[in-house]
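Structure first, then comments.
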């Protein structure tokens, strides 16, 4: 499957801290091997209520 057809979002992840004015450090698993500081533009708030996947 092409990456373009894969999932566009992952998570939910816990925001550890705000870094600067436009970014947050997010608790991403270490084996993902990506930088954990994400622009606020790329983050969306998780829905309130219980996790539908029981994570």
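Here the stretch 33-53 is the region considered, the condition is being part of a helix (DSSP H, G or I) and in contact (Cβ under 8 Å) with a residue 12 or more places away in the chain, and the residue that is surrounded by the fewest Cβ atoms within 10 Å (Cβ to Cβ) is 41.
Considering only residues in the stretch 17-32 that are touching a residue at least 12 places away in the same chain (Cβ under 8 Å) and under 23 Å from residue 51 (Cα atoms), the one that is surrounded by the fewest Cβ atoms within 10 Å (Cβ to Cβ) turns out to be 27. Take the conditions (1) exposed (fewer than 13 other Cβ atoms within 10 Å of the Cβ); (2) assigned to a loop (DSSP other than H, G, I, E, B); (3) at pLDDT below 90; residue 12 misses just one of them, which is (1).
The values are calculated or read from the model by the stated rules, or taken from the named source; none is laboratory data. Keep in mind the model is a prediction, meaning the values are calculated, not measured. Because the Cβ atoms are built from the backbone with ideal geometry, glycine has one as well, and the counts that use them run over all protein chains shown.
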